[in-house]
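Notes follow the structure.
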Amino acid sequence: MQNHSDLLDIGVIGLGVMGKNLALNIADNRYRVAAFDLDGAKVEALLQQEQKERPANQAQRIEGCSNLSEMLSSLAKPRILVLSVPAGAPVDGVCNALLEAGIEQDDIVVDTGNSLWTDTVAREAQYQGMFSFFSCAISGGEMGARFGPSLMPSGDIKAWDRIKPIWEAIAAKVDPKTGLPIERQEPGNPVTEGEPCTTYIGPAGAGHYVKMVHNGIEYADMQLICEAYQLLSDGLGLSAAEVGEIFARWNRGSLNSYLMEISADVLSQADPLTGKPLVEMILDKAGQKGTGLWTAVSSLQIGCPAPTIAEAVYARAVSTQKHQRQQLSLLLAGPEPFTLSDDERAAFIDELENALYCAKIACYAQGFQLMAMNAQERGWQLDFAEIAKIWRAGCIIRATFLQSITQAYQQAQKVGEPLDNLLMAETFSLALSAKQQDWRRAVARAIMSGVPVPCVGSALAYYDSYRSETLPANLLQGQRDFFGAHSFERIDKPAGEKYHLNWSHSERTLEKL
């Protein structure tokens with residue numbers, strides 16, 4: 001419940017883009033906020049923006065603080081303090097400053113930055129007994145923070161009970177029947193209806209791990225769309241505007257998503273300086289902040305196949321090698337160009353739409369499998385239906401088929417059978433089986449056209465690997481036994497029994513180990 005005394009409800013420390021907009025969002029939802037930043041100008045800018053946006057009939061809900069001691073004295077106990085500072089050393093810097101300022105054992109510090117999940121686990125242990133260190137990963141960028149993000153909290157369940165009402169108020173909302181976002185970007189008039197896109201994820205680190213995987217999926221989803229763009233532009237010779245029109249059409253169907261929507265918008269934008277398509281004036285070197293890399297590394301450490309996510313990270317790395325690409329473009333031969341009839345072009349566009357859908361589903365399957373395998377290692381009880389639900393709005397990867405993913409996990413829960421891989425859900429196994437020929441034709445066309453499709457192609461390899469009852473790992477294990485005596489299991493013997501063939505002996509006898 002909101003505190004109606006003179007004391008404020010919640011403090012926000014760090015008033016950069018995300019912190020400032022979170023503070024405004026919280027204030028919109030009738031909570032009183034104490035705000036602090038080392039840069040006093042940011043505090044003043046926030047107060048001015050709140051005054052400008054606040055409806056005339058509403059009282060001021062944000063108060064600036066000049067230091068952390070003042071903030072602590074202004075808050076109702078147990079205090080809730082939201083950190084919106086860069087990941088790493090700044091988080092510990094603020095925590096130590098709060099200890100010096102007099103923070104108490106029952107107070108809650110919520111890290112909302114893009115922290116590495118293992119750092120979050122360590123911090124909860126480090127500050128135990130001093131205060132309750134809680135974490136909440138946030139997706140949705142600047143506009144999400146302002147008008148409704150997807151929130152992934154984790155840590156002490158008692159701390160969650162305390163902040164839950166605020167988090168459910170400020171989170172993005174969806175229509176529970178359709179799964180579509182309920183959006184209203186009006187200061188002072190927040191969305192209060194619908195299901196909030198937040199849920200308790202689990203123990204310390206779980207929320208940041210789930211957000212990390214979200215970002216890994218985001219990397220792959222963006223790269224998949226980019227590969228479709230290059231196939232249509234370089235492969236078919238379509239203009240940026242024409243590709244944008246195709247993406248806009250796809251966005252009205254099963255590929256409906258935030259990323260597809262903004263991609264169509266980017267492709268239709270003209271450059272204010274030259275009048276050419278803006279996308280053609282943007283240097284093709286992609287940046288990254290590390291969360292996709294963390295996801296790929298985690299998949300390798302756990303032994304969970306996530307090739308499409310890894311390939312998306314590699315694609316960004318390749319993009320940075322601009323000078324080498326310029327040199328090699330003059331040295332390495334490619335295929336001879338070929339033309340397609342109008343009917344063939346139309347057919348390929350339809351095939352590519354189906355290929356993109358299939359690859360996206362395979363990518364999500366990889367992400368959910370990764371979360372499941374890490375949860376098993378950590379002893380976390382992750383609710384994948386709830387995770388899919390909170391990604392339906394507010395976050396970057398929000399998409400229509402997340403409603404189908406939610407329903408698939410809910411159905412699995414209903415019948416009491418775990419969904420070990422998203423591809424096992426009937427909704428997706430039937431869809432991918434029906435569309436897989438188009439997927440193959442699109443990849444084949446890309447290869448014959450010389451257009452790189454590392455993510456679309458790796459997603460297809462993932463699909464084919466999982467539908468293969470037998471893989472050539474039998475030969476691989478034979479190789480390992482030959483040069484390193486690593487042993488092997490047999491298909492005609494009990495699982496776990498190990499054998500070794502004496503390859504260097506003339507008789508090559510078999511040993512049971």
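The values are calculated or read from the model by the stated rules, or taken from the named source; none is laboratory data. Keep in mind the model is a prediction, meaning the values are calculated, not measured. Note: ideal-geometry Cβ built from the backbone for every residue, glycine included; neighbour counts use all protein chains shown. We work out accessible area using only protein heavy atoms, side chains counted, and drop any ligands, DNA or RNA first. Shrake-Rupley method; radii C 1.70, N 1.55, O 1.52, S 1.80 Å.
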Of all the residues that make up the range 351-379, how many are outside any helix (DSSP H, G or I) and open to solvent by less than 20 Å² (accessible area, probe 1.4 Å)? 0
Could you grab me the full set of residues in the range 380-405 that are closer than 25 Å to Ser429 by Cβ, part of a loop (DSSP other than H, G, I, E, B) and of a type in the set (A, V, I, L, M)? Leu382, Ile397
Residue count, the range 480-499 (criterion: part of a helix (DSSP H, G or I) and exposed (fewer than 12 other Cβ atoms within 10 Å of the Cβ)): 2
Give the residue, chosen from Lys435, Lys414, that is under 25 Å from Gln369 (Cα atoms), open to solvent by 90 Å² or more (accessible area, probe 1.4 Å) and assigned to a helix (DSSP H, G or I). Lys414
Tell me whether the range 90-98 contains one or more residues that are of a type outside the set (S, T, N, Q), closer than 21 Å to Pro153 by Cα, part of a loop (DSSP other than H, G, I, E, B) and under 34 Å from the mean Cα position of the chain (by Cα). no
Residue under question is Ala473, and the condition is that it be exposed (fewer than 13 other Cβ atoms within 10 Å of the Cβ) and either under 39 Å from the mean Cα position of the chain (by Cα) or aliphatic (A, V, I, L, M) (or both); does it hold? yes
If you check Gln105, Gln128, which single one turns out to be without any contact (Cβ under 8 Å) to a residue 12 or more places away in the chain, of a type in the set (S, T, N, Q) and either in a loop (DSSP other than H, G, I, E, B) or surrounded by 22 or more Cβ atoms within 10 Å (Cβ to Cβ) (or both)? Gln128
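In the range 236-252, which residues are assigned to a helix (DSSP H, G or I), open to solvent by 30 Å² or more (accessible area, probe 1.4 Å) and of a type outside the set (D, E, K, R)?
Ala241, Ala248
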Where in the range 1-88 are the helices (runs of 4 or more DSSP H), entirely inside, with at least 1 residues that are open to solvent by 30 Å² or more (accessible area, probe 1.4 Å) and under 19 Å from Ile170 (Cβ atoms)? 17-28, 40-53
